[in-house]
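Okay, so here's the structure we're looking at.
The values are calculated or read from the model by the stated rules, or taken from the named source; none is laboratory data. No experiment lies behind these values; they were computed from the predicted model shown. Note that each Cβ is placed from the backbone with ideal geometry, even for glycine, and that neighbours are counted across all protein chains shown. To get the accessible areas, we keep the full protein, side chains included, count just its heavy atoms, and leave off ligands, DNA and RNA. Shrake-Rupley method; radii C 1.70, N 1.55, O 1.52, S 1.80 Å.
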There are 2 protein chains.
Amino acid sequence: MASIPTYEDVAAAAGRLLGHAHRTPVLRSSTADSRLGAQLHFKCENFQRMGAFKFRGAYNALSRFSAGQRRGGVLAFSSGNHAQAIALSARLLQMPAAILMPLDAPASKVEATIGYGAEVIQYDRYTQDREALAERLASERGMTLIPPYDHPDVIAGQGTAAKELFEEVGELDALFVCLGGGGLLGGSALAARALSPRCKVYGVEPEAGNDGQQSLRLGRIVDIATPRTIADGAQTQHLGKFTFEIIRRDVDDILTASDEQLVEAMRFFAERMKMIVEPTGCLSFAAACHAGLQLRGKRVGILVSGGNVDLKRFAALAG
Amino acid sequence: MASIPTYEDVAAAAGRLLGHAHRTPVLRSSTADSRLGAQLHFKCENFQRMGAFKFRGAYNALSRFSAGQRRGGVLAFSSGNHAQAIALSARLLQMPAAILMPLDAPASKVEATIGYGAEVIQYDRYTQDREALAERLASERGMTLIPPYDHPDVIAGQGTAAKELFEEVGELDALFVCLGGGGLLGGSALAARALSPRCKVYGVEPEAGNDGQQSLRLGRIVDIATPRTIADGAQTQHLGKFTFEIIRRDVDDILTASDEQLVEAMRFFAERMKMIVEPTGCLSFAAACHAGLQLRGKRVGILVSGGNVDLKRFAALAG
């Protein structure tokens, strides 16, 4: 029986990722600093391999497969970035991969997944239960299912981004992390508790789908309908059992950001920091700007989760 | 009388920039590597303060002003990035700044320059001689003129980007640098000769304005009409006397890239590397892809010079 991952699992994942994942840069912006009166450190996972932090968790999970599992290959379901992450990791580790993707996933993500050599199976995210479908397919084909967030090796892998951030800039007063299913937030919280114990850790969800916020307040996992938001990487319906346990223990609060605030952040990243960030990747900075927390004089980490957005869509949103 | 800067001047400039300029990241791309069969190291000056390498040269030059010069302030002429660089450096060093900018400079660059607190004076780059106009204004107002490229302190400052690149990744087989007036190319060549003596150094100009290429081949500075190209940072009419001397001595060849190739590179940077690069900043990578050099198996540096492009224009070109 798998158990909740610890910081030691994050550290072990970092060892497995060495030479495979990019050590992404931490960027600064004087404009952002003066706007918030704080010292902001942007950990840029949009520059990670395949364009998002998801590579970390996927590669960590697949690199722990037994020889038999490698022969059978991996099956995954994902709104996008986890798909590409599994596809790329499977190719690097030379195993077959099949990915369940929603019909309305961004075209760039579907194409990139196929480009990495995976088989893509599409489904309707508004009517079909992807988890049940994935379990059935995995069992039929003898593949190992790696879920997008609720898996100890995935959570541990995602935590390596925050680990690198703390190692590079030292302790922080606050860390903002986007929240879909909680893999990145859970892993980041493990890293924060070990490396910067007094750091406040905030998860940030789209306003349209605040199941994590409700779950934290009610003390149980709350399930919602698939939220309609531009943050397509955070359209999850509920936290996982592992991620919820870490979040309730190690996360200070969960905030939300509106689609309008995401667009504003996206434009800021493009105009002032010259980088392309997908809507989900804008959640953390949007909340730092708008959630009403007192950050003046504080040292703040902003986890920028990914940059996988169709260029035409990016142009329409930010241009 | 000023003399041609040396690598010692680059090293001294690096000391002055410490804590003021960003040490920009060096990014990698597996896709770019496999496309060229080479190992590419992208030095990302689009993430530099004010969005381009020009901050390095401007800050270095202004930090060497005497007390009297600081009181009088600085005057500059620029198609854009040098303007912002001088304006920001003047603000940081608390001196007045006036900037001559062409009427057709990108709106984002004009606004940013005014935003940094400088006075902007506009002129017609197709009919007026900006150098004569600048000299007259500087003398009337008691300001010190800092030209955009042909100044030892500017060249030395620009060389710090390549210095950081070599220090981070070690020696390279080839380095590609965009070429307008030659400040960045000259400074980069000084760094390459000192830190990676066998590295081939290539300047890259827009196809529409290959005055540098002609100058290198004829052994004298060739003057051309202002070229019409999307690479607005490389619309120079001739090299400077300092930059030409360094280039003829230390640069291996000068290549060109078409506007179409720049757009292709711009799209690659956006889609695969999640970053916004202005057309001029795409020259180096475009030539590495298309100039027909044999780079297979080589370690290659790509200097990405800046990211200051109107978002609407970026969307129209790359979207």
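So the values come out like this:
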quantity	calculated
Chain-alone versus full-assembly comparison, the range B:25-41, residues with accessible loss of at least 30 Å² (1.4 Å probe)	B:25, B:27, B:28, B:30
Reachable lysines, given that their alpha-carbon falls under 19 Å from the alpha-carbon of residue B:312 and they are not under 8 places away in the same chain	A:274, A:312, B:109, B:274
Heavy-atom accessible surface that B and A bury in contact, both chains counted, 1.4 Å, Å² to 100	1900 Å²
Extension gain (nm, one decimal) between residue B:169 and residue B:28, 0.36 nm per residue minus Cα-Cα	49.6 nm
Gain upon complete extension [residue A:241, residue A:111; 0.36 nm per residue less C-alpha separation]	43.7 nm
Share, in percent, of DSSP beta bridges within chain A that are antiparallel, nearest 5	10 percent
Among B:32, B:147, B:230 the positive-end extreme of the charge dipole of chain B (Cβ point charges)	B:32
Per-peptide average of other Cβ atoms within 10 Å, ordering A:216-229, A:289-302, A:153-166 highest first	A:153-166, A:289-302, A:216-229
Percent antiparallel among DSSP beta bridges (both partners in the protein assembly as shown, rounded to 5)	10 percent
Cut-off 14 Å (backbone N to label point 7 Å along Cα→Cβ of residue B:131), residues of the range B:58-86	B:77-78
Top positive-direction residue, dipole computed over the protein assembly as shown with Cβ charges, set B:172, A:270, B:41	B:172
Cα-based helix-to-principal-axis angle, A:259-273 vs chain A, degrees rounded to 10	80 degrees
Degrees, to the nearest 10: A:152-169 long Cα axis against longest axis of chain A	30 degrees
Only Lys, Arg (+1) and Asp, Glu (-1) charged, at Cβ; the range B:181-319 dipole about Cα centre in debye	560 debye
Inter-chain Cβ neighbour average for residues A:263-276, partner chain, 10 Å	5
Of all accessible heavy-atom area on the protein assembly as shown, the percent that carbon and sulfur account for (1.4 Å)	47 percent
For the range B:198-319, with +1 on Lys and Arg beta carbons and -1 on Asp and Glu, the positive-most of B:216, B:289, B:315 along the dipole	B:289
Cα-based helix-to-principal-axis angle, B:183-195 vs chain B, degrees rounded to 10	60 degrees
The range B:3-52 versus the range B:240-313: alpha-carbon centroid distance in Å	13 Å
Accessible solvent surface per residue of the range B:23-162, calculated while the other protein chains remain in place, 1.4 angstrom probe, Å²	34 Å²
Given charges at beta-carbon only (K, R positive; D, E negative), |dipole| of chain B in Debye	660 debye
Kirkwood Rh and Cα Rg combined as Rg over Rh, evaluated for the range A:107-177	1.10
Listed residues A:131, B:167, B:140 arranged by accessible area, highest first, probe 1.4 Å	B:140, B:167, A:131
Along principal axes, Cα extents of the protein assembly as shown, largest first, whole Å	78, 52, 39
Alpha-carbon radius of gyration plus Dmax, which is the widest Cα pair, for the range A:1-105 in Å	16.7, 54
Label-point separation in nm, residue A:122 to residue B:122, each point 7 Å along Cα→Cβ	4.7 nm
Anchor residue B:163: lysines whose Cα lies under 18 Å away (excluding residues fewer than 8 positions away in-chain)	B:43, B:54, B:200
